[in-house]
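Asks: Take a look at the following structure, please.
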């Protein structure tokens, strides 16, 4: 059975105690740290940027899973790569005509690369790039805010992607993930789950993380 990668989103963490929060999820069994970067343009919210990623890199050896929900991601790839991101995921919708160039740019810094698609984007648009990707991120909420309700129709994209994916492709799902919706996603072929409020809102991080596997 393939191991499920759990990537807690720090968007729901206590930012006054971020180092402690990251240590806590590591001790609880999470493999990755999911870092949501929002610019207030591509999505209607602003979150964190390069300095925070750099600070996190200085405090943990965990795998940094950086999700760019920003316009013109190619302008910022170098900065996030140099700040310590291990994986950089960008949105297809943010650079539909420049996908190949952005993939090459991320790889030029020796980083893993992912593409994310919003709920209204059909998975077929990323099929031409599948063999060049390390990860596909399926959004099961509209990106921009944590704590939204899981959109079940979006999960049906998972088997479509899994059917044509190479054996090492990680299919990640983000949005409304909990012990029930997470099982739906993994049963359809996902092997990485992003959860924010479900984990950071729990009294027991380990119990919440274990329930997603």
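Every read-out reported here was derived from the displayed coordinates using simple, explicitly stated rules and does not represent laboratory data. Just so it is clear, the model here is predicted, and its values are computed rather than measured. Reconstructed Cβ throughout: ideal geometry from the backbone, glycine too, with neighbour counts over all protein chains shown.
Asks: Put one equal scatterer on each alpha carbon of the range 5-210, apply the Debye formula with no solvent term, and list log10 I(q)/I(0) at q = 0.16, 0.19 1/Å to two decimals.
Replies: The calculated log intensity ratios at q = 0.16, 0.19 Å⁻¹ are -1.02, -1.50.
Asks: Thinking of the range 41-129 as a set of Cα atoms, what percent of all their pairs are more than 22 Å apart?
Replies: Working: 966 of 3916 pairs.
Cα-Cα pairs of the range 41-129 separated by over 22 Å account for 25 percent.
Asks: Averaging over every viewing direction, what projected area does the convex hull of the Cα atoms of the range 105-213 cover, in nm²? Provide the component values of the computation, followed by the final result.
Replies: Working: hull surface 29.3 nm².
For the range 105-213, the mean projected area of the Cα convex hull comes to 7.3 nm².
Asks: Using just the helices of the chain, give the 222 nm mean residue ellipticity in deg cm²/dmol: DSSP H runs with n ≥ 4 each add -39,500 (n - 2.57), and the total is spread over all residues, rounded to 500.
Replies: Values: 9 runs with 66 residues, N = 213.
Helix contribution divided over all residues of the chain: -8000 deg cm²/dmol.
Asks: Which of the peptides 100-108, 175-183 is most tightly packed, and how do the rest follow, going by the mean number of other Cβ atoms within 10 Å of each residue?
Replies: Details: 100-108: 16.7, 175-183: 20.0.
Top of the packing list down: 175-183, 100-108.
Asks: Measuring from label point to label point, each 7 Å out along Cα→Cβ, what is the residue 52 to residue 104 span in nm?
Replies: Calculated label separation equals 3.2 nm.
Asks: Under the definition of Cα pairs under 8 Å and six or more residues apart, what whole-number percent is the relative contact order of the chain? It would help to have the intermediate numbers written out before the result.
Replies: Numbers: 422 pairs, mean separation 45.8, N = 213.
Reported as a whole number, the value is 22 percent.
Asks: Return, for the Cα atoms of the range 30-84, the radius of gyration and Dmax in Å, separated by a comma.
Replies: 11.1, 31
Asks: Determine the gain in length on full extension of the stretch residue 153-residue 96; use 0.36 nm per residue of separation and subtract their C-alpha separation, reporting nm with one decimal.
Replies: Values: separation 57, 0.36 × 57 = 20.52 nm, distance 2.27 nm.
Length gained between residue 153 and residue 96: 18.2 nm.
Asks: Please report the antiparallel percentage of DSSP beta bridges with both residues in the range 5-210, rounded to the nearest 5. Provide the component values of the computation, followed by the final result.
Replies: Numbers: 1 of 34 bridges.
Of all bridge pairs located within the range 5-210, approximately 5 percent are antiparallel.
Asks: What's the ranking of 9-17, 25-33 by average number of surrounding C-beta atoms within 10 Å, highest first?
Replies: Details: 9-17: 16.2, 25-33: 19.2.
Per-residue mean Cβ counts within 10 Å order the peptides as 25-33, 9-17.
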